[in-house]
Amino acid sequence: MLRRFRAARDQIDARLAVLESLLDLPEGPSPREFHASIRVSELGRTARFYAWLLGTEPKEWTHRYVTFVSEKLALNLVFLVSDGKTLGKDTLYHLGIDVGDKASVVRAHTLALALGATITKPPRTTWRGTPLHELWLEDPDGNLVEIYARLTPEELREMPADQEPVFLVPPPPTA
């Protein structure tokens, strides 16, 4: 009996810890979409399975990735080649949210710094693959999180000839 009470106490303590972590929650970005990107061993096989499962054809694909976007499911699911990595249970590459525009990506950077989040790639515009304004963070367990916005047609016309990333904020000071 005592063991059951202790287990219940521990569960209540854990639930209270979650509630406590949500007190005084700072302002965050305003996401419009959430996506997950998962590494896979056979892109074609994966595309077939998820087209069947989700009831939709891929929106976009290359030799490196297949993207499923479903307005009906509010879903954007990306499968990515494994790049020779041994796949196990840790096949998640990153999670992502679309915040709508370049200014919102830069704002998310400011908010992430205020939160104390680990920034792995500061806000920048990338042109290769899917052109995006992007910011990369780590969650508390080290999982990658991409905060992004797709480029407008006007922004796409500004693509530099070398297609190198363009940083959207000054680099942090070096120590």
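Throughout, read-outs are computed from the coordinates displayed, never taken from laboratory work. Predicted model only: the values in this text are computed from it and were never measured. For neighbour counting, all protein chains shown are included, and Cβ atoms are generated from backbone atoms with ideal geometry for every residue, glycine included.
Only loop residues by DSSP count here, and only those with at most 14 other Cβ atoms within 10 Å; note down the trypsin sites (Lys or Arg not before Pro) in the range 13-113 that meet that. All intermediate terms of the calculation are to be shown ahead of the outcome.
On the way: sites: 15, 32, 39, 45, 48, 59, 64, 72, 85, 89, 102, 107; in loops: 32, 59, 64, 72, 85, 89.
The qualifying sites are 32, 59, 64, 72, 85, 89.
Find how much the distance from residue 144 to residue 163 grows on full extension, using 0.36 nm per residue of separation minus their present alpha carbon separation; answer in nm with one decimal.
Working: separation 19, 0.36 × 19 = 6.84 nm, distance 2.36 nm.
Working it through step by step, the gained length comes to 4.5 nm.
Which FRET efficiency value, to the nearest 0.05, do you get for residue 73 and residue 17 by plugging their Cβ-Cβ distance into 1/(1 + (r/R0)^6) with R0 = 35 Å?
Computed FRET efficiency for residue 73 and residue 17 comes out at 0.65.
Measure nothing fancy, just the Cα-based angle from helix 102-115's long axis to the longest principal axis of the chain, in degrees from 0 to 90, nearest 10.
30
For residue 61 and residue 87, calculate 0.36 nm times their separation in residues minus their Cα-Cα distance, and state this gained length in nm to one decimal.
Net length gain for the segment: 7.2 nm.
Please state the shape class of the chain: rounded when a/c is under 1.5, otherwise prolate if a/b exceeds b/c and oblate if not, all from the C-alpha gyration tensor.
oblate
Pull out the extension gain between residue 51 and residue 30, defined as 0.36 nm times the separation in residues minus the alpha carbon to alpha carbon distance; nm, one decimal.
Net length gain for the segment: 4.7 nm.
What is the sum of charges, Lys and Arg at +1 and Asp and Glu at -1, for the other residues whose Cβ falls under 13 Å from the Cβ of residue 81?
Working: positive: 39, 45, 64, 85; negative: 42, 83.
Charge balance near residue 81 sits at +2.
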